[in-house]
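In what follows, a structure is listed as structure tokens, so that the remarks can point back to it.
The values are calculated or read from the model by the stated rules, or taken from the named source; none is laboratory data. Note that the structure is predicted; figures quoted are calculated from it, not measured. Here the Cβ positions follow ideal geometry from the backbone for every residue, glycine too, while neighbour counts run over all protein chains shown. Just so you know, the surface numbers come from the protein's heavy atoms only, side chains and all, with ligands and any DNA or RNA stripped out. Shrake-Rupley method; radii C 1.70, N 1.55, O 1.52, S 1.80 Å.
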Amino acid sequence: MFRPLALFIGLRYIKAKRKKNGFISFISLISTIGLTLGVAVLITVLSVMNGFDREIKTRVLGMVPQASVASFEILSDWQQIAEKIRKQNPQVQAYAPYIQLQGMLTAEGQVSGIMISGIEPEYEKQVSILDEYMVAGSLDNLKSGEFGIILGESVAMNLGLRLGDKVTLVLPEASPSAAGVIPRFKRFTLVGVYRISNEIDAMMGFVQMRDAGVMLRLPEGAQGIRLKLNDIFQAPQVANNAASLDMTRLYPSDWTSTHGNLFSAIQMEKAMIGLLLFLIVVVAAFNIVSSLVMLVTDKKADIAILKTFGASPKLVMQVFMIQGMIIGVIGTVAGTILGVSLALSVNDILVFISRVFGISLFNGSVYPVDFLPSQVQLADVLLIVVASFLLSFLMTIYPALRASKIEPAETLRYE
């Protein structure tokens with residue numbers, strides 16, 4: 001016998017109990033299945049939460065400025081300012097100028113409010129994901145003086161527009177004329193359509209930066225400079241450092257002030273859901289206690305005989321702790337394999353269900369995405385596995401202590 005004695009006896013008990021005591025074996029099986037399902041559900045749900053977090057970060061922070069500096073006056077020297085910012089802050093990966101204006105789009109008798117960003121396409125490609133989500137046309141179609149516009153798919157559909165169609169941009173500023181004061185407006189040509197999420201598609205449009213300046217009657221230059229960072233959580237510090245280059249003209253802004261609450265809510269939701277689902281693992285682990293207590297009661301005579309032959313209380317404790325840990329190991333490993341497998345294929349499963357039953361589980365007009373994203377993070381999986389192992393170990397302590405305190409004389413008196 002080359003195995004440790006406690007392990008040898010523990011394995012023999014596990015095999016024996018399945019043959020002799022069906023009820024205890026059933027409880028152990030339920031404990032294992034409960035632990036497996038608890039771990040699997042926890043890994044799957046946290047992976048889905050990670051997926052939503054990733055998609056929102058990619059789509060929202062891929063469109064809104066991660067950090068920026070703006071001015072109340074036109075920055076004609078924005079390129080020099082941007083280069084100084086990049087040299088001062090190693091976190092700055094790229095930059096792009098912009099001009100912003102608000103107005104209304106009208107076409108075919110339809111009206112839609114819109115936030116227009118005047119951009120330089122060659123710079124915008126470096127700081128946003130817009131070019132990756134174009135479904136028609138291209139960013140390169142925005143050329144100075146041609147008054148082209150790129151709109152979200154939902155806005156284009158609501159206005160009944162296709163590539164090449166004309167749309168009128170109306171600004172709230174009034175222009176004096178011989179006929180009196182009239183709103184300022186300009187005809188644009190639709191040169192591109194993008195699709196990111198329903199919320200972003202419905203509120204953002206893009207024109208060439210100089211065309212935006214002409215609409216606002218501004219001189220050459222930019223209103224602000226948008227920054228893309230290596231670490232988005234450094235945004236407040238980078239924005240403040242950038243604005244400190246010329247505090248008389250520049251003021252900072254970053255994503256934590258515009259969208260920080262959204263990501264805080266996602267993180268809190270992930271933590272609360274994880275805590276609630278971990279209770280499933282706790283309940284399954286408590287079943288280990290009940291199964292081991294019943295096993296100790298059933299094996300009192302065996303324990304007494306072992307002690308009579310010289311087995312120490314420590315050895316008896318190890319025997320029953322090993323049995324509980326075997327349940328924990330089997331349940332945790334099986335749950336991890338099942339959970340990771342489900343997390344990697346959960347979207348395919350939902351697509352299959354949607355096709356079979358003819359229902360749409362994720363409507364792109366309601367949710368930010370029209371699929372179920374999932375991202376398995378090694379840190380989450382390791383945390384769940386370690387917590388499950390630790391919990392399984394803790395659940396074996398009381399039954400093992402109870403077994404170690406059995407007195408051979410009292411137990412064998414009536415045997």
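Restrict the check to the stretch 326-337 and report whether at least one residue is assigned by the TED database to the domain that holds Gly34, within 26 Å of Phe393 (Cβ to Cβ) and within 20 Å of the chain's Cα centre (by Cα).
Of the residues in the stretch 326-337, the ones assigned by the TED database to the domain that holds Gly34 are 326-337.
Checking the rest, the ones that are also within 26 Å of Phe393 (Cβ to Cβ) come to 326-337.
Narrowing further to those that are within 20 Å of the chain's Cα centre (by Cα): 336.
Yes - at least one qualifying residue is present in the stretch 326-337.
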The stretch 220-249, residues that are part of a helix (DSSP H, G or I), open to solvent by 10 Å² or more (accessible area, probe 1.4 Å) and in contact with a helix residue (DSSP H, G or I) (Cβ under 8 Å, 6 or more places away or on another chain)
Ile232, Pro236, Asn241, Leu245, Asp246
Which condition from (1) in contact with a helix residue (DSSP H, G or I) (Cβ under 8 Å, 6 or more places away or on another chain); (2) within 26 Å of Thr58 (Cβ to Cβ) is the one that Val281 breaks?
(2)
The condition of being aromatic (Phe, Trp, Tyr) and over 29 Å from Ala387 (Cα atoms) holds, among Phe206, Phe263, Phe286, Phe278, only for Phe206
Odd one out for Gly113 among (1) open to solvent by 20 Å² or more (accessible area, probe 1.4 Å); (2) at pLDDT 90 or above:
(2)
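Residue-by-condition table, conditions (1) in contact (Cβ under 8 Å) with a residue 60 or more places away in the chain; (2) within 19 Å of Pro252 (Cβ to Cβ); (3) polar (S, T, N, Q):
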| residue | (1), (2), (3) |
| --- | --- |
| Ala82 | yes, yes, no |
| Lys87 | no, yes, no |
| Pro97 | yes, yes, no |
| Gly103 | yes, no, no |
| Gly137 | no, no, no |
| Glu146 | yes, no, no |
Under 6 Å by Cβ, and 6 or more places apart or on different chains, what pairs join a residue from the stretch 258-280 that is surrounded by 12 or more Cβ atoms within 10 Å (Cβ to Cβ) with one that is among the charged types (D, E, K, R)?
Ile266/Asp53
Does the stretch 276-283 contain any residue that is in a helix (DSSP H, G or I) and under 18 Å from Ser117 (Cβ atoms)?
no
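From the list Ile150, Ile129, pick out the single residue that is modelled with pLDDT under 90 and touching a helix residue (DSSP H, G or I) at 6+ places or on another chain (Cβ under 8 Å).
Numbers: Ile150 fails: modelled with pLDDT under 90.
Just a single option satisfies the conditions, and that option is Ile129.
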Matching option when the condition is surrounded by 20 or more Cβ atoms within 10 Å (Cβ to Cβ) and farther than 30 Å from Gly205 by Cβ, among Leu37, Leu29, Leu46:
Leu46
Kindly list the number of the only condition in (1) assigned to a helix (DSSP H, G or I); (2) open to solvent by less than 70 Å² (accessible area, probe 1.4 Å); (3) farther than 30 Å from Thr32 by Cβ that fails for Pro252.
(1)
In the stretch 124-138, the residues that are under 17 Å from Met63 (Cα atoms), touching a strand residue (DSSP E or B) at 6+ places or on another chain (Cβ under 7 Å) and open to solvent by less than 50 Å² (accessible area, probe 1.4 Å):
Glu124, Val127, Leu130, Met134, Ser138
Matching option when the condition is at pLDDT 90 or above and basic (Lys, Arg), among Arg86, Arg59, Arg18, Arg54
Arg86
Reported set for the stretch 194-219 where residues are in a strand (DSSP E or B) and either crowded, with 22+ Cβ neighbours inside 10 Å or of a type in the set (Ser, Thr, Tyr) (or both) is Tyr194, Gly205, Phe206, Val207, Gln208
